[in-house]
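K.L.:
I have a structure I would like to understand better, so I am pasting it below and will then ask my questions one at a time.
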Amino acid sequence: MIKVLFVCLGNICRSPMAEAILKNLLEKEELSKEVIVDSAGIGHWHIGKQPHEGTKNILDQNKITYEGISARQVQDSDWDRFDYIIAMDTQNMEDLRAIREKNDVKVRLFMDYVEGEESNDVPDPYFTGNFDYVYDLVTEGCKGLLKEIKEQNQLKEEK
Ligand code: 4NP
């Protein structure tokens, strides 16, 4: 079983959106049992909360469920539990590296999976309000990530 963790600052906008979208893609490809997805935040402010209204709205519009998704904070045991830890922006990546004392980080940047984009950051819609643009970026990135996961783990190809 392959385990993926998305990490952003608050765990209410970007990373739960990525969690819901990747779970939806896995469901469609019948890979939900092979790949487990979770998300977490650097900050503790929203622990236990559902995703932000903006994230819920755009997921609803696209008929993607976020049932059962609630915010939690990153914890040290995540490094042992997850195979892929994906930071939504460079600050999240730096924060993850600072939290982790051991120098064995396996953190990747989400934007590495989005082709043709200059920026290394998924812009934070908590501050920009642009959930539509973030939805497009996150959908692209989740598709790219899933492709890599399938290649690296020799999972079955899309039907
Ligand atoms: P996220 O957005 O990191 O994409 O979940 C944020 C949500 C909340 C806060 C910051 C960013 N906040 O400062 O409460």
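The values are calculated or read from the model by the stated rules, or taken from the named source; none is laboratory data. None of these values were measured; they are calculated from a predicted model. Note that we place each Cβ from the backbone using ideal geometry, even for glycine, and neighbour counts take in every protein chain shown. Side chains are part of the model used for accessible areas, which takes the heavy atoms of the whole protein and leaves out ligands, DNA and RNA. Shrake-Rupley method; radii C 1.70, N 1.55, O 1.52, S 1.80 Å.
K.L.:
Testing the spin-label approximation: label points 7 Å from Cα along Cα→Cβ at Thr90 and Asn57. State their distance in nm.
P.N.:
Once both label points are built, they end up 3.0 nm from each other.
K.L.:
Still on this structure: Which FRET efficiency value, to the nearest 0.05, do you get for Asn120 and Gln73 by plugging their Cβ-Cβ distance into 1/(1 + (r/R0)^6) with R0 = 30 Å?
P.N.:
Working: r = 23 Å, r/R0 = 0.77.
So, using R0 = 30 Å, E works out to roughly 0.80.
K.L.:
Keeping all protein chains in position, work out how much accessible area Ser119 exposes to a 1.4 Å probe, and write it in Å² to the nearest 10.
P.N.:
50 Å²
K.L.:
Work through the residues other than Ile85 whose Cβ is under 9 Å from its Cβ and net out their charges, Lys, Arg +1 and Asp, Glu -1.
P.N.:
Here the charged neighbours net out to 0.
K.L.:
Is there a pair in Lys56/Lys156; Lys33/Lys147; Lys106/Lys143 whose C-alpha atoms are over 27 Å apart, and which pairs would that be?
P.N.:
Violating the 27 Å limit, Cα to Cα: Lys56/Lys156.
K.L.:
Keeping the other protein chains in place, figure out the carbon and sulfur percent of the accessible area of the chain, with a 1.4 Å probe.
P.N.:
45 percent
K.L.:
Given 0.36 nm per residue, what is the gain on full extension from Leu155 to Trp45 after removing their alpha carbon distance, in nm?
P.N.:
35.9 nm
K.L.:
How high is the relative contact order of region 2-153? Use alpha-carbon pairs under 8 Å, at least six apart in sequence, and give a whole percent.
P.N.:
This gives 28 percent for region 2-153.
K.L.:
Now for a different question. Divide the volume of the convex hull of the Cα atoms of region 2-153 by its number of residues and quote the answer in cubic angstrom per residue.
P.N.:
Each residue corresponds to 109 Å³ of Cα convex hull volume.
K.L.:
Right, next: With each pseudo-label sitting 7 Å past Cα toward Cβ, what's the Glu148-Glu30 distance in nm, one decimal?
P.N.:
Result: 2.7 nm between the two label points.
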